[in-house]
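Have a look at the structure below, then the notes.
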Ligand code: HEM
(Lines give C-alpha, C1' and ligand atoms only; values in the text may rest on other atoms or scores of the structure.)
Protein backbone atom coordinates (compact mmCIF):
# COMPACT_ATOMS: atom_id res chain seq x y z
CA UNK A 1 0.00 0.00 0.00
CA UNK A 2 2.81 2.35 1.01
CA UNK A 3 4.76 1.50 -2.13
CA UNK A 4 1.69 2.23 -4.30
CA UNK A 5 1.14 5.51 -2.48
CA UNK A 6 4.82 6.37 -2.99
CA UNK A 7 4.61 5.64 -6.74
CA UNK A 8 1.37 7.64 -7.06
CA UNK A 9 2.98 10.60 -5.27
CA UNK A 10 6.00 10.44 -7.59
CA UNK A 11 3.77 10.31 -10.69
CA UNK A 12 1.69 13.27 -9.47
CA UNK A 13 4.85 15.21 -8.67
CA UNK A 14 6.36 14.43 -12.10
CA UNK A 15 3.12 15.52 -13.79
CA UNK A 16 3.03 18.69 -11.70
CA UNK A 17 6.63 19.47 -12.72
CA UNK A 18 5.90 18.72 -16.38
CA UNK A 19 2.80 20.90 -16.62
CA UNK A 20 4.46 23.69 -14.59
CA UNK A 21 7.16 23.69 -17.31
CA UNK A 22 4.48 23.67 -20.05
CA UNK A 23 2.73 26.65 -18.44
CA UNK A 24 5.83 28.83 -18.95
CA UNK A 25 5.33 28.80 -22.74
CA UNK A 26 2.64 30.27 -24.98
CA UNK A 27 -0.35 27.93 -25.14
CA UNK A 28 -0.87 25.37 -27.87
CA UNK A 29 -2.49 21.98 -28.49
CA UNK A 30 -2.62 19.77 -25.38
CA UNK A 31 0.77 18.12 -24.74
CA UNK A 32 0.72 14.54 -23.39
CA UNK A 33 2.94 13.97 -20.37
CA UNK A 34 6.62 13.84 -21.39
CA UNK A 35 6.00 13.02 -25.09
CA UNK A 36 4.19 16.32 -25.57
CA UNK A 37 2.82 16.64 -29.14
CA UNK A 38 5.19 14.09 -30.70
CA UNK A 39 2.38 11.74 -31.75
CA UNK A 40 0.84 14.29 -34.07
CA UNK A 41 4.07 15.98 -35.22
CA UNK A 42 5.32 15.25 -38.72
CA UNK A 43 8.96 16.34 -38.89
CA UNK A 44 9.02 15.93 -42.67
CA UNK A 45 6.10 18.33 -43.06
CA UNK A 46 6.55 20.78 -40.23
CA UNK A 47 4.64 23.44 -42.13
CA UNK A 48 1.41 21.48 -41.70
CA UNK A 49 1.40 22.22 -37.95
CA UNK A 50 0.66 25.88 -38.58
CA UNK A 51 -2.23 24.98 -40.89
CA UNK A 52 -3.86 23.31 -37.91
CA UNK A 53 -3.12 25.76 -35.14
CA UNK A 54 -2.24 29.23 -36.47
CA UNK A 55 -5.73 30.72 -36.40
CA UNK A 56 -6.86 28.75 -33.35
CA UNK A 57 -4.04 30.24 -31.26
CA UNK A 58 -3.93 33.66 -32.92
CA UNK A 59 -0.52 33.45 -34.53
CA UNK A 60 1.57 32.15 -31.64
CA UNK A 61 1.55 28.65 -30.15
CA UNK A 62 3.88 26.06 -28.63
CA UNK A 63 4.37 22.50 -29.79
CA UNK A 64 6.21 20.22 -27.35
CA UNK A 65 8.13 17.97 -29.76
CA UNK A 66 9.14 17.01 -27.13
CA UNK A 67 11.25 20.14 -26.47
CA UNK A 68 9.07 23.26 -26.48
CA UNK A 69 9.10 24.92 -29.90
CA UNK A 70 7.22 28.24 -30.17
CA UNK A 71 5.69 28.91 -33.60
CA UNK A 72 5.10 32.48 -34.79
CA UNK A 73 2.77 32.37 -37.76
CA UNK A 74 1.79 35.88 -38.74
CA UNK A 75 3.96 38.48 -40.39
CA UNK A 76 3.55 41.14 -37.69
CA UNK A 77 4.47 38.70 -34.91
CA UNK A 78 7.55 37.42 -36.75
CA UNK A 79 8.53 41.04 -37.37
CA UNK A 80 8.10 41.97 -33.74
CA UNK A 81 10.31 39.04 -32.71
CA UNK A 82 13.00 38.90 -35.41
CA UNK A 83 13.28 42.62 -36.20
CA UNK A 84 12.10 44.71 -33.24
CA UNK A 85 13.51 42.26 -30.65
CA UNK A 86 16.15 40.88 -33.00
CA UNK A 87 18.86 40.19 -30.40
CA UNK A 88 16.45 38.18 -28.24
CA UNK A 89 15.75 35.77 -31.13
CA UNK A 90 19.14 35.63 -32.87
CA UNK A 91 20.31 32.31 -31.40
CA UNK A 92 20.42 28.90 -33.06
CA UNK A 93 19.85 25.64 -31.13
CA UNK A 94 22.89 24.88 -28.97
CA UNK A 95 21.77 21.30 -28.44
CA UNK A 96 24.62 18.87 -29.19
CA UNK A 97 22.49 16.89 -31.69
CA UNK A 98 21.61 19.98 -33.73
CA UNK A 99 25.18 21.25 -33.62
CA UNK A 100 26.73 17.94 -34.67
CA UNK A 101 24.23 17.19 -37.43
CA UNK A 102 24.10 20.62 -39.03
CA UNK A 103 27.59 22.04 -38.53
CA UNK A 104 31.04 20.92 -39.66
CA UNK A 105 32.26 21.44 -36.09
CA UNK A 106 30.02 22.71 -33.28
CA UNK A 107 29.58 26.49 -33.11
CA UNK A 108 31.52 27.27 -36.26
CA UNK A 109 30.56 28.94 -39.55
CA UNK A 110 27.47 31.11 -40.03
CA UNK A 111 24.34 29.01 -40.47
CA UNK A 112 24.20 27.30 -37.10
CA UNK A 113 26.63 29.15 -34.85
CA UNK A 114 25.91 31.41 -31.91
CA UNK A 115 27.12 34.50 -30.09
CA UNK A 116 30.41 36.17 -30.92
CA UNK A 117 31.50 33.48 -33.42
CA UNK A 118 28.30 33.80 -35.45
CA UNK A 119 28.38 37.62 -35.44
CA UNK A 120 32.00 37.72 -36.61
CA UNK A 121 31.71 34.93 -39.22
CA UNK A 122 28.59 36.50 -40.69
CA UNK A 123 30.16 39.99 -40.73
CA UNK A 124 33.37 38.75 -42.39
CA UNK A 125 31.51 36.58 -44.93
CA UNK A 126 29.14 39.38 -45.92
CA UNK A 127 31.93 41.92 -46.19
CA UNK A 128 33.93 39.56 -48.46
CA UNK A 129 30.88 38.91 -50.63
CA UNK A 130 30.27 42.67 -50.87
CA UNK A 131 33.91 43.24 -51.84
CA UNK A 132 33.68 40.65 -54.60
CA UNK A 133 30.45 42.26 -55.73
CA UNK A 134 27.52 40.34 -54.27
CA UNK A 135 24.36 41.68 -55.79
CA UNK A 136 26.22 43.66 -58.45
CA UNK A 137 28.98 43.92 -61.09
CA UNK A 138 31.48 41.09 -60.69
CA UNK A 139 28.95 38.73 -59.20
CA UNK A 140 26.52 39.64 -61.97
CA UNK A 141 29.19 38.76 -64.53
CA UNK A 142 29.69 35.35 -62.91
CA UNK A 143 25.96 34.71 -62.86
CA UNK A 144 25.62 35.75 -66.51
CA UNK A 145 28.48 33.45 -67.57
CA UNK A 146 26.76 30.57 -65.82
CA UNK A 147 23.43 31.51 -67.40
CA UNK A 148 25.06 31.50 -70.87
CA UNK A 149 26.41 27.99 -70.30
CA UNK A 150 23.02 26.84 -69.07
CA UNK A 151 21.31 28.24 -72.19
CA UNK A 152 23.92 26.52 -74.37
CA UNK A 153 23.09 23.29 -72.56
CA UNK A 154 19.38 23.77 -73.34
CA UNK A 155 20.24 24.52 -76.99
CA UNK A 156 22.09 21.19 -77.16
CA UNK A 157 19.21 19.10 -75.83
CA UNK A 158 18.13 16.87 -78.74
CA UNK A 159 14.62 15.95 -77.67
CA UNK A 160 13.14 19.26 -76.56
CA UNK A 161 9.73 17.63 -76.34
CA UNK A 162 10.74 15.74 -73.20
CA UNK A 163 13.00 17.68 -70.89
CA UNK A 164 13.64 17.73 -67.15
CA UNK A 165 15.38 21.02 -66.34
CA UNK A 166 16.48 19.83 -62.89
CA UNK A 167 20.15 19.18 -63.76
CA UNK A 168 20.72 22.15 -66.09
CA UNK A 169 19.38 24.44 -63.34
CA UNK A 170 21.31 22.66 -60.59
CA UNK A 171 24.57 23.02 -62.54
CA UNK A 172 23.96 26.67 -63.35
CA UNK A 173 23.34 27.49 -59.67
CA UNK A 174 26.03 25.12 -58.36
CA UNK A 175 28.62 26.65 -60.70
CA UNK A 176 27.86 30.17 -59.44
CA UNK A 177 28.44 29.37 -55.75
CA UNK A 178 31.38 27.10 -56.64
CA UNK A 179 33.08 29.88 -58.58
CA UNK A 180 32.34 32.41 -55.83
CA UNK A 181 33.83 30.24 -53.11
CA UNK A 182 36.56 28.32 -54.92
CA UNK A 183 37.20 30.28 -58.10
CA UNK A 184 36.30 27.71 -60.79
CA UNK A 185 33.31 26.29 -62.69
CA UNK A 186 32.43 22.83 -63.92
CA UNK A 187 31.86 21.94 -67.54
CA UNK A 188 28.44 20.40 -68.11
CA UNK A 189 29.99 17.24 -69.52
CA UNK A 190 32.52 16.90 -66.70
CA UNK A 191 30.76 17.51 -63.40
CA UNK A 192 30.44 14.09 -61.73
CA UNK A 193 31.99 15.45 -58.53
CA UNK A 194 29.32 18.13 -58.23
CA UNK A 195 26.58 15.65 -59.08
CA UNK A 196 27.89 13.34 -56.35
CA UNK A 197 27.76 16.25 -53.88
CA UNK A 198 24.13 16.94 -54.76
CA UNK A 199 23.21 13.26 -54.45
CA UNK A 200 24.90 13.02 -51.05
CA UNK A 201 23.10 16.19 -49.95
CA UNK A 202 19.77 14.66 -51.03
CA UNK A 203 20.55 11.54 -49.02
CA UNK A 204 21.34 13.64 -45.95
CA UNK A 205 18.16 15.74 -46.00
CA UNK A 206 16.07 12.74 -47.09
CA UNK A 207 17.15 10.71 -44.08
CA UNK A 208 16.70 13.66 -41.72
CA UNK A 209 13.09 13.88 -42.85
CA UNK A 210 12.54 10.21 -41.99
CA UNK A 211 14.12 10.35 -38.54
CA UNK A 212 11.81 11.42 -35.72
CA UNK A 213 14.31 9.72 -33.37
CA UNK A 214 16.49 12.85 -33.65
CA UNK A 215 14.02 14.44 -31.24
CA UNK A 216 14.88 11.77 -28.65
CA UNK A 217 18.55 12.72 -28.68
CA UNK A 218 17.62 16.40 -28.52
CA UNK A 219 15.25 16.02 -25.58
CA UNK A 220 17.39 13.60 -23.58
CA UNK A 221 21.09 14.00 -24.46
CA UNK A 222 22.02 11.56 -21.67
CA UNK A 223 20.40 8.77 -23.76
CA UNK A 224 23.09 9.38 -26.39
CA UNK A 225 25.35 7.24 -24.22
CA UNK A 226 23.36 4.25 -25.50
CA UNK A 227 25.08 3.33 -28.81
CA UNK A 228 21.84 2.36 -30.62
CA UNK A 229 20.14 5.67 -29.77
CA UNK A 230 23.29 7.66 -30.49
CA UNK A 231 23.64 6.05 -33.92
CA UNK A 232 20.06 6.72 -35.01
CA UNK A 233 19.60 10.17 -33.54
CA UNK A 234 23.05 11.54 -34.25
CA UNK A 235 25.93 9.50 -35.71
CA UNK A 236 24.37 8.38 -39.01
CA UNK A 237 23.22 11.94 -39.81
CA UNK A 238 26.56 13.42 -38.77
CA UNK A 239 28.33 10.90 -41.03
CA UNK A 240 26.10 11.97 -43.94
CA UNK A 241 26.91 15.61 -43.20
CA UNK A 242 30.65 14.90 -43.07
CA UNK A 243 30.41 13.16 -46.45
CA UNK A 244 29.09 16.33 -48.06
CA UNK A 245 31.47 18.53 -46.07
CA UNK A 246 34.38 16.51 -47.50
CA UNK A 247 33.66 18.13 -50.88
CA UNK A 248 34.24 21.52 -49.26
CA UNK A 249 37.32 20.37 -47.31
CA UNK A 250 38.91 19.10 -50.55
CA UNK A 251 38.11 22.32 -52.38
CA UNK A 252 39.37 24.60 -49.62
CA UNK A 253 42.64 22.63 -49.48
CA UNK A 254 43.05 22.74 -53.27
CA UNK A 255 42.28 26.45 -53.28
CA UNK A 256 44.85 27.19 -50.59
CA UNK A 257 47.60 25.44 -52.57
CA UNK A 258 47.55 28.34 -55.02
CA UNK A 259 47.12 31.04 -52.39
CA UNK A 260 49.61 33.91 -52.20
CA UNK A 261 48.86 36.45 -49.44
CA UNK A 262 50.19 39.37 -51.51
CA UNK A 263 47.86 38.69 -54.50
CA UNK A 264 44.45 40.24 -55.04
CA UNK A 265 42.02 37.53 -53.79
CA UNK A 266 40.29 35.74 -56.67
CA UNK A 267 37.70 33.84 -54.60
CA UNK A 268 36.03 33.73 -51.18
CA UNK A 269 38.59 31.29 -49.72
CA UNK A 270 41.54 33.55 -50.58
CA UNK A 271 39.75 36.67 -49.26
CA UNK A 272 38.89 34.88 -46.02
CA UNK A 273 42.49 33.75 -45.58
CA UNK A 274 43.64 37.36 -45.94
CA UNK A 275 41.19 38.33 -43.19
CA UNK A 276 42.64 35.61 -40.98
CA UNK A 277 45.88 37.64 -40.59
CA UNK A 278 43.93 40.40 -38.84
CA UNK A 279 41.22 38.40 -37.15
CA UNK A 280 41.99 35.46 -34.88
CA UNK A 281 38.39 34.20 -35.10
CA UNK A 282 38.92 33.44 -38.82
CA UNK A 283 40.35 29.98 -38.15
CA UNK A 284 40.74 27.23 -40.78
CA UNK A 285 37.91 25.37 -39.07
CA UNK A 286 35.63 28.39 -39.42
CA UNK A 287 36.73 28.80 -43.04
CA UNK A 288 35.66 25.24 -43.90
CA UNK A 289 32.47 25.54 -41.90
CA UNK A 290 31.51 28.89 -43.46
CA UNK A 291 32.19 27.56 -46.98
CA UNK A 292 30.19 24.44 -46.10
CA UNK A 293 27.26 26.61 -44.97
CA UNK A 294 27.36 28.82 -48.06
CA UNK A 295 27.71 25.87 -50.41
CA UNK A 296 24.79 24.00 -48.80
CA UNK A 297 22.55 27.03 -48.36
CA UNK A 298 23.52 28.59 -51.67
CA UNK A 299 22.86 25.63 -53.89
CA UNK A 300 19.69 23.75 -53.11
CA UNK A 301 17.54 26.78 -52.21
CA UNK A 302 18.00 28.71 -55.45
CA UNK A 303 17.90 25.54 -57.56
CA UNK A 304 14.64 24.46 -55.95
CA UNK A 305 13.07 27.90 -56.45
CA UNK A 306 14.07 27.93 -60.13
CA UNK A 307 12.69 24.42 -60.61
CA UNK A 308 9.34 25.53 -59.18
CA UNK A 309 9.46 28.63 -61.41
CA UNK A 310 9.67 26.44 -64.51
CA UNK A 311 6.70 24.32 -63.39
CA UNK A 312 4.52 27.29 -62.42
CA UNK A 313 5.24 29.06 -65.70
CA UNK A 314 4.53 25.88 -67.66
CA UNK A 315 1.00 25.79 -66.27
CA UNK A 316 0.46 29.56 -66.37
CA UNK A 317 0.91 30.39 -70.03
CA UNK A 318 -0.71 33.81 -69.76
CA UNK A 319 1.76 34.99 -67.12
CA UNK A 320 4.61 33.45 -69.12
CA UNK A 321 3.61 35.30 -72.29
CA UNK A 322 3.22 38.58 -70.40
CA UNK A 323 6.69 38.12 -68.91
CA UNK A 324 8.18 37.35 -72.31
CA UNK A 325 6.53 40.42 -73.88
CA UNK A 326 8.11 42.62 -71.20
CA UNK A 327 11.54 41.01 -71.65
CA UNK A 328 11.43 41.40 -75.43
CA UNK A 329 10.25 45.02 -75.14
CA UNK A 330 12.89 46.09 -72.60
CA UNK A 331 15.82 43.85 -73.56
CA UNK A 332 15.05 42.46 -77.02
CA UNK A 333 16.57 39.21 -78.33
CA UNK A 334 20.16 40.21 -79.06
CA UNK A 335 21.53 40.27 -75.53
CA UNK A 336 20.72 38.71 -72.16
CA UNK A 337 18.79 40.66 -69.49
CA UNK A 338 21.03 42.37 -66.93
CA UNK A 339 20.40 43.84 -63.49
CA UNK A 340 20.37 47.33 -65.06
CA UNK A 341 17.14 46.29 -66.82
CA UNK A 342 15.43 45.26 -63.60
CA UNK A 343 13.99 48.67 -62.69
CA UNK A 344 12.16 48.75 -66.05
CA UNK A 345 10.89 45.17 -65.71
CA UNK A 346 8.13 45.47 -63.14
CA UNK A 347 6.29 42.34 -64.26
CA UNK A 348 9.49 40.27 -64.13
CA UNK A 349 10.03 41.45 -60.55
CA UNK A 350 6.43 40.56 -59.73
CA UNK A 351 6.89 37.12 -61.30
CA UNK A 352 10.00 36.35 -59.24
CA UNK A 353 8.13 37.42 -56.10
CA UNK A 354 5.16 35.23 -56.95
CA UNK A 355 7.44 32.29 -57.78
CA UNK A 356 9.14 32.62 -54.39
CA UNK A 357 5.81 32.90 -52.63
CA UNK A 358 4.29 29.87 -54.34
CA UNK A 359 7.49 27.78 -54.30
CA UNK A 360 7.67 28.41 -50.55
CA UNK A 361 10.64 26.12 -50.35
CA UNK A 362 11.32 25.88 -46.63
CA UNK A 363 8.97 23.94 -44.43
CA UNK A 364 8.59 26.35 -41.49
CA UNK A 365 11.98 28.09 -41.30
CA UNK A 366 15.37 27.39 -39.75
CA UNK A 367 15.09 27.14 -35.96
CA UNK A 368 15.92 30.21 -33.89
CA UNK A 369 16.61 30.21 -30.15
CA UNK A 370 15.86 32.91 -27.61
CA UNK A 371 18.95 34.35 -25.96
CA UNK A 372 17.08 35.80 -22.95
CA UNK A 373 13.59 35.83 -21.40
CA UNK A 374 11.41 37.85 -23.73
CA UNK A 375 7.82 38.71 -24.70
CA UNK A 376 6.07 38.57 -28.09
CA UNK A 377 2.51 39.64 -28.77
CA UNK A 378 2.09 39.80 -24.99
CA UNK A 379 3.21 36.15 -24.52
CA UNK A 380 6.24 35.36 -22.36
CA UNK A 381 8.92 33.15 -23.93
CA UNK A 382 11.70 31.90 -21.64
CA UNK A 383 15.41 32.13 -22.45
CA UNK A 384 16.84 29.23 -24.51
CA UNK A 385 13.54 28.35 -26.23
CA UNK A 386 13.39 27.09 -29.81
CA UNK A 387 11.36 29.44 -32.01
CA UNK A 388 10.11 28.94 -35.57
CA UNK A 389 9.26 32.19 -37.38
CA UNK A 390 6.97 30.35 -39.75
CA UNK A 391 7.61 32.16 -43.02
CA UNK A 392 6.07 29.21 -44.86
CA UNK A 393 2.70 29.98 -43.31
CA UNK A 394 2.98 33.71 -44.07
CA UNK A 395 3.75 33.06 -47.75
CA UNK A 396 0.93 30.54 -48.05
CA UNK A 397 -1.76 32.07 -45.87
CA UNK A 398 -1.22 35.76 -45.11
CA UNK A 399 -4.70 37.29 -45.60
CA UNK A 400 -3.18 40.09 -47.71
CA UNK A 401 -2.54 37.54 -50.46
CA UNK A 402 -6.00 37.27 -51.99
CA UNK A 403 -6.65 33.73 -53.30
CA UNK A 404 -3.23 32.68 -52.05
CA UNK A 405 -3.26 29.29 -53.80
CA UNK A 406 -3.47 30.97 -57.24
CA UNK A 407 -0.26 31.80 -59.14
CA UNK A 408 -0.83 35.47 -59.89
CA UNK A 409 2.13 37.86 -60.33
CA UNK A 410 -0.34 40.70 -61.03
CA UNK A 411 -1.20 40.78 -57.32
CA UNK A 412 2.03 42.73 -56.75
CA UNK A 413 1.28 45.46 -59.32
CA UNK A 414 -0.35 48.78 -58.52
CA UNK A 415 -3.56 49.76 -60.33
CA UNK A 416 -1.94 50.97 -63.55
CA UNK A 417 0.74 48.25 -63.51
CA UNK A 418 3.65 50.69 -63.37
CA UNK A 419 5.02 49.91 -59.90
CA UNK A 420 5.07 47.22 -57.22
CA UNK A 421 2.82 47.38 -54.15
CA UNK A 422 5.51 47.79 -51.50
CA UNK A 423 3.43 46.71 -48.51
CA UNK A 424 2.60 43.39 -50.21
CA UNK A 425 6.14 42.87 -51.49
CA UNK A 426 7.47 43.12 -47.90
CA UNK A 427 5.33 40.15 -46.93
CA UNK A 428 7.17 37.89 -49.37
CA UNK A 429 9.63 37.05 -46.61
CA UNK A 430 11.15 33.97 -48.28
CA UNK A 431 14.59 35.05 -47.04
CA UNK A 432 13.16 35.56 -43.52
CA UNK A 433 13.61 38.76 -41.48
CA UNK A 434 15.93 40.35 -38.98
CA UNK A 435 19.41 39.46 -37.74
CA UNK A 436 19.40 35.92 -39.18
CA UNK A 437 17.98 36.94 -42.56
CA UNK A 438 19.48 34.87 -45.38
CA UNK A 439 23.14 35.83 -45.82
CA UNK A 440 22.97 35.03 -49.55
CA UNK A 441 19.87 37.08 -50.33
CA UNK A 442 21.75 39.50 -52.61
CA UNK A 443 23.23 36.70 -54.72
CA UNK A 444 20.00 34.68 -54.78
CA UNK A 445 18.01 37.68 -56.06
CA UNK A 446 20.48 38.19 -58.93
CA UNK A 447 20.40 34.47 -59.79
CA UNK A 448 16.62 34.27 -59.78
CA UNK A 449 16.10 37.44 -61.81
CA UNK A 450 18.75 36.70 -64.46
CA UNK A 451 18.17 32.94 -64.56
CA UNK A 452 14.44 33.22 -64.96
CA UNK A 453 14.30 36.11 -67.43
CA UNK A 454 17.01 34.53 -69.63
CA UNK A 455 15.09 31.25 -69.71
CA UNK A 456 11.83 32.89 -70.76
CA UNK A 457 13.58 35.19 -73.25
CA UNK A 458 14.98 32.14 -75.04
CA UNK A 459 12.51 29.35 -74.44
CA UNK A 460 8.79 28.78 -74.31
CA UNK A 461 8.03 26.36 -71.48
CA UNK A 462 5.11 24.01 -72.02
CA UNK A 463 3.51 21.01 -70.36
CA UNK A 464 3.50 17.69 -72.20
CA UNK A 465 0.20 16.46 -73.50
CA UNK A 466 -1.58 14.18 -71.04
CA UNK A 467 1.06 14.78 -68.34
CA UNK A 468 -0.25 17.24 -65.77
CA UNK A 469 2.35 18.92 -63.59
CA UNK A 470 2.54 17.48 -60.08
CA UNK A 471 2.75 20.36 -57.59
CA UNK A 472 2.94 18.20 -54.45
CA UNK A 473 6.41 18.75 -52.95
CA UNK A 474 8.61 15.95 -51.64
CA UNK A 475 8.25 15.72 -47.85
CA UNK A 476 11.54 17.26 -46.67
CA UNK A 477 12.82 20.40 -44.95
CA UNK A 478 13.53 21.89 -48.40
CA UNK A 479 10.28 21.35 -50.26
CA UNK A 480 11.49 20.25 -53.67
CA UNK A 481 9.28 19.43 -56.66
CA UNK A 482 9.34 15.89 -58.00
CA UNK A 483 11.44 15.36 -61.09
CA UNK A 484 9.13 15.63 -64.10
CA UNK A 485 9.22 16.27 -67.82
CA UNK A 486 8.12 19.37 -69.67
CA UNK A 487 8.49 20.61 -73.27
CA UNK A 488 10.67 23.56 -74.33
CA UNK A 489 10.53 25.47 -77.62
CA UNK A 490 13.11 27.97 -78.82
CA UNK A 491 11.59 31.47 -79.01
C1 LIG B 1 16.05 31.45 -53.21
C2 LIG B 1 17.12 31.24 -52.51
C3 LIG B 1 17.23 31.30 -51.01
C4 LIG B 1 16.26 31.30 -50.05
C5 LIG B 1 14.76 31.24 -50.24
C6 LIG B 1 16.93 31.36 -48.77
C7 LIG B 1 16.28 31.41 -47.55
C8 LIG B 1 16.93 31.43 -46.33
C9 LIG B 1 16.27 31.39 -45.06
C10 LIG B 1 14.76 31.37 -44.85
C11 LIG B 1 17.22 31.39 -44.10
C12 LIG B 1 16.99 31.29 -42.59
C13 LIG B 1 16.72 32.64 -41.98
C14 LIG B 1 16.35 32.54 -40.54
O15 LIG B 1 16.94 31.75 -39.80
O16 LIG B 1 15.42 33.25 -40.11
C17 LIG B 1 18.50 31.44 -44.76
C18 LIG B 1 19.70 31.48 -44.10
C19 LIG B 1 20.91 31.51 -44.74
N20 LIG B 1 21.13 31.52 -46.11
FE21 LIG B 1 19.72 31.54 -47.53
N22 LIG B 1 18.28 31.39 -48.98
C23 LIG B 1 18.50 31.36 -50.33
C24 LIG B 1 19.73 31.40 -50.98
C25 LIG B 1 20.94 31.49 -50.35
C26 LIG B 1 22.21 31.62 -51.02
C27 LIG B 1 22.40 31.74 -52.53
C28 LIG B 1 23.17 31.64 -50.03
C29 LIG B 1 24.67 31.76 -50.17
C30 LIG B 1 25.28 32.40 -51.10
C31 LIG B 1 22.50 31.54 -48.75
C32 LIG B 1 23.13 31.54 -47.53
C33 LIG B 1 22.48 31.53 -46.32
C34 LIG B 1 23.18 31.53 -45.04
C35 LIG B 1 24.69 31.51 -44.83
C36 LIG B 1 22.19 31.53 -44.05
C37 LIG B 1 22.39 31.54 -42.54
C38 LIG B 1 22.29 32.98 -42.02
C39 LIG B 1 22.52 33.08 -40.51
O40 LIG B 1 22.22 32.13 -39.79
O41 LIG B 1 23.00 34.15 -40.07
N42 LIG B 1 21.14 31.45 -48.99
N43 LIG B 1 18.31 31.46 -46.12
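The values are calculated or read from the model by the stated rules, or taken from the named source; none is laboratory data. Remember, predicted model here, so these are calculated numbers, not experimental data. Because the Cβ atoms are built from the backbone with ideal geometry, glycine has one as well, and the counts that use them run over all protein chains shown.
The rows are residues; the columns are (1) buried (at least 19 other Cβ atoms within 10 Å of the Cβ); (2) within 11 Å of the ligand (Cβ to nearest atom).
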{"residue": "430", "(1), (2)": "yes, yes"}
{"residue": "434", "(1), (2)": "yes, yes"}
{"residue": "455", "(1), (2)": "yes, no"}
{"residue": "466", "(1), (2)": "no, no"}
{"residue": "472", "(1), (2)": "no, no"}
{"residue": "475", "(1), (2)": "no, no"}
{"residue": "482", "(1), (2)": "no, no"}
message: Can you confirm whether residue 56 is modelled with pLDDT of 95 or more, surrounded by fewer than 21 Cβ atoms within 10 Å (Cβ to Cβ) and away from the ligand (no atom under 16 Å from the Cβ)?
response: no
Single residue of 273, 333 found to be in a helix (DSSP H, G or I), over 25 Å from residue 395 (Cβ atoms), away from the ligand (no atom under 14 Å from the Cβ) and in contact (Cβ under 8 Å) with a residue 12 or more places away in the chain: 273
message: Only one of 124, 70, 83, 110 is at negative phi, more than 18 Å from the chain's Cα centre (by Cα), within 16 Å of the ligand (Cβ to nearest atom) and surrounded by 23 or more Cβ atoms within 10 Å (Cβ to Cβ). Can you tell me which?
response: 70
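So that you can scan it fast, the table gives a plain yes or no per residue for (1) part of a helix (DSSP H, G or I); (2) touching a helix residue (DSSP H, G or I) at 6+ places or on another chain (Cβ under 9 Å); (3) without any contact (Cβ under 8 Å) to a residue 40 or more places away in the chain; (4) over 17 Å from residue 454 (Cα atoms):
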| site | (1), (2), (3), (4) |
| --- | --- |
| 125 | yes, yes, no, yes |
| 139 | yes, yes, no, no |
| 146 | yes, yes, yes, no |
| 168 | yes, yes, yes, no |
| 197 | yes, yes, no, yes |
| 202 | yes, yes, yes, yes |
Selected residue [surrounded by 14 or more Cβ atoms within 10 Å (Cβ to Cβ), at pLDDT 95 or above and assigned to a helix (DSSP H, G or I)] from 411, 460: 411
- prompt: Pairs under 8 Å by beta carbon, first residue more than 18 Å from residue 109 (Cβ to Cβ) and without any contact (Cβ under 8 Å) to a residue 40 or more places away in the chain in the stretch 425-450, partner near the ligand (Cβ under 7 Å from one of its atoms) and assigned to a helix (DSSP H, G or I), six or more apart or different chains?
  reply: 431/441; 431/444
- prompt: Only one residue in 256, 242 is more than 16 Å from the ligand (Cβ to nearest atom) and under 20 Å from the mean Cα position of the chain (by Cα). Which one?
  reply: 242
query: Is there any pair linking a residue in the stretch 359-386 that is touching a residue at least 12 places away in the same chain (Cβ under 8 Å) and more than 16 Å from residue 68 (Cα to Cα) to one that is away from the ligand (no atom under 15 Å from the Cβ) and in a strand (DSSP E or B), with Cβ under 9 Å and at least six apart or on different chains, and which?
result: 377/60
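Table: residues versus (1) touching a residue at least 12 places away in the same chain (Cβ under 8 Å); (2) under 14 Å from residue 46 (Cα atoms); (3) in contact with a strand residue (DSSP E or B) (Cβ under 8 Å, 6 or more places away or on another chain); (4) more than 15 Å from the ligand (Cβ to nearest atom).
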position	(1), (2), (3), (4)
349	yes, no, yes, no
357	yes, no, no, no
388	yes, yes, yes, no
403	no, no, no, yes
407	yes, no, no, yes
- prompt: Say we look at the stretch 277-294 and pick out the residues that are outside any loop (DSSP other than H, G, I, E, B) and surrounded by fewer than 24 Cβ atoms within 10 Å (Cβ to Cβ); which of these is farthest from the ligand (Cβ to nearest atom)?
  reply: 284
